[in-house]
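Have a look at the structure below, then the notes.
The values are calculated or read from the model by the stated rules, or taken from the named source; none is laboratory data. In this text, all values refer to a predicted model and were calculated from it rather than measured experimentally. Virtual Cβ from ideal backbone geometry, glycine too; neighbours counted across all protein chains shown. Note: accessible area is taken over every heavy atom of the protein model, side chains too, but ligands, DNA and RNA are not part of it. Shrake-Rupley method; radii C 1.70, N 1.55, O 1.52, S 1.80 Å.
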Amino acid sequence: MKKHNFSAGPSILPDEAIRIASEAVKELNNSGLSLIEISHRSKDFIEIMTKARSLALELLNLENKGYKALFLQGGASLQFLMAAYNLLDQKAGYLNTGSWSTKAIKEAKLFGEVIELASSKDRNFNYIPKDYIIDPNLNYLHITTNNTIFGTQIKSIPESNVPLVADMSSDIFSRNIDFSKFSLIYAGAQKNMGPAGTTLVIIKEDILGKVNRNIPSMLDYRIHIEKDSMFNTPPVFAVYTSMLTLEWIKKNGGINSIEANNNKKAHLIYNEIDSNNLFQGFAAVEDRSLMNVTFNLKDDAHKEIFDKMCKDADISGVNGHRSVGGYRASIYNALDISSVKILVDVMKELKNKV
Ligand SMILES: *Cc1c(COP(=O)(O)O)cnc(C)c1O
């Protein structure tokens, strides 16, 4: 039996995507060949890449708006520097909302002046700073829309005339926002879209070509766009499985219906955290993530029994990140609400056991 998978990443994918992807590893489309042993220049794979790219734009409602979708390698971590390499000419602004933002800031500093507009480090990143001024002369403003480790999420997207760059690794395709407000979006696949090994990059073409430096080909968005995301051999398995997940989202009604379901799941578990006096939430209530739910036991003495109850209920992956402690339930798109109910039942049941 499959466990209830609350892992933060790599994380749960739709059953259907896992099933079709595993069949394709044996044989793709009755071709007599495996997905992972055919040329990426074959008709079969070019179709997969084309479909994955167009589905990404379609689901984000960015078709015919000057955007390109790329599937690159190197994880979101490579995007920390690639974004700056391609876009940071003089100075850029960053909102520091957690470990991933901090890493993005560190890399960007190699390319120009970086202004940390605001930070929530003073309270171990348990909230989203809201009071800051956006200098209109910034090359771009970088935000992390969902802070996977701390369990906070930006609910209202900052408004300015400065191009907006976002790390959406852990909440892409989970909620509907106006994606056309962004000039660059990147997301490592392994949180909400596919296996590790590829990173979705959505880029508005008109922001490119404005920096005064030479960019190595592999790190140049323009080269990847020109080559239709096939400048070099793409990670074929990760792209194919991501495509299957995107098809699954579309079949299930697109982002709006996924979001409605995500809201229900988040409501269930936050409601339990707030009403059960054995637990307490980590993140500021108004900034709570719909994807990564961070919470603690009020009394550490209950840890052993709670962990055992989770294990007995086939709940997996709820241990908190080492920089926060406690628990983190990641409730990504593919996690069924029935799994959330099981976790909530265990939390309720703990009251009878202590
Ligand atoms: C996981 C994660 C990353 C790092 O992704 P890699 O693909 O491992 O480089 C960056 N940002 C956020 C928000 C993440 O959740």
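Would you confirm whether any residue within region 233-245 is in the same structural domain as residue 40 (by TED's automatic domain parsing), exposed (fewer than 15 other Cβ atoms within 10 Å of the Cβ) and more than 19 Å from residue 86 (Cα to Cα)?
Taking every residue of region 233-245 in turn, at least one turns out to be in the same structural domain as residue 40 (by TED's automatic domain parsing), exposed (fewer than 15 other Cβ atoms within 10 Å of the Cβ) and more than 19 Å from residue 86 (Cα to Cα).
Starting from region 50-78, take each residue that is under 16 Å from residue 183 (Cβ atoms) and assigned by TED's automatic domain parsing to the domain that holds residue 223 and list its partners that are among the basic types (Lys, Arg) and assigned to a strand (DSSP E or B), counting only C-beta distances under 7 angstrom and pairs at least six apart or across chains.
66/204; 67/204
Quick check, is residue 339 at pLDDT 95 or above and closer than 28 Å to residue 193 by Cα? Break it down into steps so the answer makes sense when it comes.
Numbers: at pLDDT 95 or above: yes; closer than 28 Å to residue 193 by Cα: yes.
Here the answer is yes, as residue 339 does meet what is asked.
I'd like the full set of residues that are within 14 Å of the ligand (Cβ to nearest atom) and in contact with a strand residue (DSSP E or B) (Cβ under 7 Å, 6 or more places away or on another chain), limited to region 166-181.
If the condition is that a residue be within 14 Å of the ligand (Cβ to nearest atom) and in contact with a strand residue (DSSP E or B) (Cβ under 7 Å, 6 or more places away or on another chain), then 166, 167, 168, 169, 170, 171, 172 are the ones that fit.
Need a quick list: helices (runs of 4 or more DSSP H) entirely within region 41-152 having at least 1 residues that are away from the ligand (no atom under 16 Å from the Cβ) and buried (at least 19 other Cβ atoms within 10 Å of the Cβ).
43-59, 75-87
Assess whether residue 9 counts as being at pLDDT 95 or above and outside the structural domain of residue 231 (by TED's automatic domain parsing).
When the stated conditions are applied, residue 9 passes them.
Being farther than 30 Å from residue 161 by Cβ, in a loop (DSSP other than H, G, I, E, B), open to solvent by 10 Å² or more (accessible area, probe 1.4 Å) and assigned by TED's automatic domain parsing to the domain that holds residue 178 is the requirement here; does residue 29 meet it?
Spelling it out, residue 29 is indeed farther than 30 Å from residue 161 by Cβ, in a loop (DSSP other than H, G, I, E, B), open to solvent by 10 Å² or more (accessible area, probe 1.4 Å) and assigned by TED's automatic domain parsing to the domain that holds residue 178.
Could you please find all residues in region 280-296 being within 18 Å of residue 352 (Cα to Cα) and either charged (D, E, K, R) or crowded, with 20+ Cβ neighbours inside 10 Å (or both)?
Within region 280-296, none qualify.
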